[in-house]
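Everything on this sheet refers to the single structure shown next.
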Amino acid sequence: MKKIDPKTELLPENREKLLRAAPLLTAWFKENARPLPWRTERDPYRIWVSETMLQQTRIEAVLGYFPRFLEAFPTLRALAEAPEEKVLKLWEGLGYYSRARNLHKAAAVCLEQYGGALPGTAAELKKLPGVGAYTAGAVASLAFGEAAPAVDGNVLRILARFLNDERDVLQPAVKKEAEALLKAVLEQQERPGVFNEALMELGEVICLPNGSPRCSRCPLGGICGALAAGTEKDLPNRGETRPRRLEKKTVLLLRCGGRTALEKRPDKGLLAGLYGFPMLDGELGRTDIVPWLSSYRIPFRDLKEAGRARHIFTHVEWDMTAWEAETERELPGFVYADDAEIRERYALPAAFKAFRDRPRTGGELE
């Protein structure tokens, strides 16, 4: 396998090879591009919303959310002026809620500083809350025609295979070199956005991850370095993957008069600022929970286990045990809502949904 010196800057042969690939890739894209809803028009706002939704999320998942979100917030101004709670509710189930919160904040910035429109360059876009180099490059190229690279995991995977490059794609130097390489190629394209979008499409439908590329259908198969060397299933090299951290949690379903307690999570950390059921660290039992409930000095009844569930985040896995109880009065410090309110008003993270519809308890107060 050919190794590329990490100290080497932009290699001319890589640039020339990618320039040869550009017309093959864009011609394939024009013939095979999927009719996705954000491709119907080059509206910067629609492109920005779609690119934000697509961060770390499969297109199939976004397809149901995008039209509902645009129906509720058809313009940047409508998004900026909406209450955050409504924005988060429409994002419910899509995950990575900080994206929705930053989208909302960025819309307000655009309203105040850019006359109610998105700025037209990658450099200015990166000044907005939550807009990183990839999203800025994608929006600037797709919406405004700027020769701005948009390098994510899909693009790094394509380049690693195309150039037969065995370096760790998670290393910052490798990504920096990829951005420089793509910028040099984009500056030679009549429509830089088409080239960027063609790369995105190739990574989504052909140059797939986990050793499963569909090389027989790839428009670049004839000049792909990995395919020629037989290493297409071995690349990209992602270095050593750290094991996901397992955390034990105890979820509390505290009922009172047909309503259930919710708490707002801290402003920082996992699921920051979202509402969920009260949760304690560790796998706690009756002997731990009774003193916790008793500290409120409000009678309760029918404390019992209410099931288990697991939820996997990117770097953390929660192993959750739930307990439920009925209290005589609402406990202070929590928000109480019935099932309909929880579904319609609060953006309940997917981690808690396994416990949402527990049956009501009955019995004598303790």
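The values are calculated or read from the model by the stated rules, or taken from the named source; none is laboratory data. It should be emphasised that the depicted structure is a prediction, and the values quoted were computed from it without experimental measurement. FYI the Cβ positions are ideal-geometry reconstructions off the backbone, even for glycines, and counts take in every protein chain you see.
Couple of notes before you dig in:
- Within segment 146-174, considering residues that are basic (Lys, Arg) and at pLDDT 95 or above, the one nearest to Gln56 (Cα to Cα): Arg157
- Single condition Ala173 does not satisfy, out of (1) farther than 16 Å from Leu25 by Cα; (2) in a loop (DSSP other than H, G, I, E, B); (3) assigned by TED's automatic domain parsing to the domain that holds Leu36: (2)
- Qualifying residue in segment 87-103 (condition: outside any helix (DSSP H, G or I), surrounded by 19 or more Cβ atoms within 10 Å (Cβ to Cβ) and over 12 Å from the mean Cα position of the chain (by Cα)): no
- Count - residues of segment 143-158 that are among the small types (Gly, Ala, Ser) and in contact with an Asp or Glu (Cβ under 8 Å, 6 or more places away or on another chain): 2
- Residue in segment 205-221 that is farthest from Ala173 (Cα to Cα), counting only those that are in contact (Cβ under 8 Å) with a residue 40 or more places away in the chain and not hydrophobic (A, V, I, L, M, F, W, C): Pro219
- The set of residues from segment 67-105 being farther than 24 Å from His311 by Cβ and of a type in the set (Phe, Trp, Tyr) comprises just one member, Phe73.
- When the criteria are applied in full, Arg297 fails the requirement of being part of a helix (DSSP H, G or I) and either closer than 19 Å to Glu92 by Cβ or of a type outside the set (A, V, I, L, M, F, W, C) (or both).
- When each of Leu227, Leu235, Leu252 is tested for being surrounded by 14 or more Cβ atoms within 10 Å (Cβ to Cβ) and closer than 20 Å to Asp338 by Cβ, the lone residue that passes is Leu252.
- Screening the candidates Leu142, Leu94 for the property of being closer than 20 Å to Leu202 by Cβ, assigned by TED's automatic domain parsing to the domain that holds Tyr65 and of a type in the set (A, V, I, L, M, F, W, C) yields one hit, Leu142.
- The number of residues in segment 338-359 that are within 24 Å of Gly269 (Cα to Cα) and either assigned to a helix (DSSP H, G or I) or touching a strand residue (DSSP E or B) at 6+ places or on another chain (Cβ under 8 Å) (or both) comes to 13.
- Of all residues making up segment 293-319, the number that are surrounded by 14 or more Cβ atoms within 10 Å (Cβ to Cβ) and either over 23 Å from Ser98 (Cα atoms) or in contact with a Gly (Cβ under 8 Å, 6 or more places away or on another chain) (or both): 11
- Residue selected from segment 226-270 under the condition of a type in the set (Val, Ile, Thr) and part of a loop (DSSP other than H, G, I, E, B), by the criterion farthest from the chain's Cα centre (by Cα): Thr231
- Candidate set from segment 50-76 (those that are in contact (Cβ under 8 Å) with a residue 60 or more places away in the chain and part of a helix (DSSP H, G or I)); member that is farthest from Arg99 (Cα to Cα): Ile59
- Subset of segment 271-292 [among the small types (Gly, Ala, Ser) and either touching a Gly at 6+ places or on another chain (Cβ under 6 Å) or part of a helix (DSSP H, G or I) (or both)]: none
- Residue match in segment 113-125 (condition: part of a helix (DSSP H, G or I) and under 17 Å from Leu274 (Cα atoms)): no
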